[in-house]
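Participant: Can you keep this structure in mind? I'll have questions shortly.
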Amino acid sequence: MKKTILLATVTLMAAIVSACTLNDKLALCVTQEEAIEKYIADKFADSTVTVTDSGISRILMVPGSGATAQPGDSVIVLYQGYTFNNGPKNQFTEGITKAKLGDGNLIKGLDEGIVGMSLSEEAFILFSARNGFFNESVAAVDPMTPLIYYVKLEDIYK
């Protein structure tokens, strides 16, 4: 009986600690989103900025033309990925990729940020860790790191 009570108490305590940790991480994401908003307001006040319901920001750098990328479309994008700390900092990736939007092959921030871009459009896509790698360490990116990508939409397949 004592072992059952002890096990239940330890399990409950672990759940409480885990919940606090998640709340702390989500609070950090809110702070990151505020820093992204400030950066955009300070550096790109005259630019066209689109913000999704998830808090992903896209800053138009070079307009495109024609159809726009939508969920379910396959796209080819050139990209450069950087960690974000009041602007792009350490580049951790670059390349070209083909992906179907919405199928989970891209991280959420990049996937949702591409939706609405037109052919040949170039943009910065910024997002907190909530829409990036969150608590995972990937390549040279530490857990809970906000990201900024420079993306050029090369092609759209409907």
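The values are calculated or read from the model by the stated rules, or taken from the named source; none is laboratory data. The model shown is predicted, which means the values in this text are computed figures rather than measured ones. Every residue, glycine among them, receives a Cβ derived from its backbone with ideal geometry; neighbour counts consider all protein chains shown.
Participant: Quick check on my filter: what residues within the stretch 143-158 are in contact (Cβ under 8 Å) with a residue 40 or more places away in the chain and either assigned to a strand (DSSP E or B) or surrounded by fewer than 18 Cβ atoms within 10 Å (Cβ to Cβ) (or both)?
Facilitator: Selection gives Leu147, Ile148, Tyr149, Tyr150, Val151, Lys152, Leu153, Glu154, Asp155, Ile156, Tyr157, Lys158.
Participant: Here are some conditions: (1) out of contact with any helix residue (DSSP H, G or I) (no Cβ under 7 Å at 6 or more places or on another chain); (2) over 27 Å from Ala41 (Cβ atoms). Gly102 meets all but one. Which one does it not meet?
Facilitator: Failed condition: (1).
Participant: Go through (1) at pLDDT 95 or above; (2) exposed (fewer than 11 other Cβ atoms within 10 Å of the Cβ) one by one and return the number of the condition Glu34 breaks.
Facilitator: (2)
Participant: Tell me which strands (runs of 3 or more DSSP E) are completely within the stretch 36-136 and hold 2 or more residues being among the basic types (Lys, Arg), or say none if there are none.
Facilitator: 88-100
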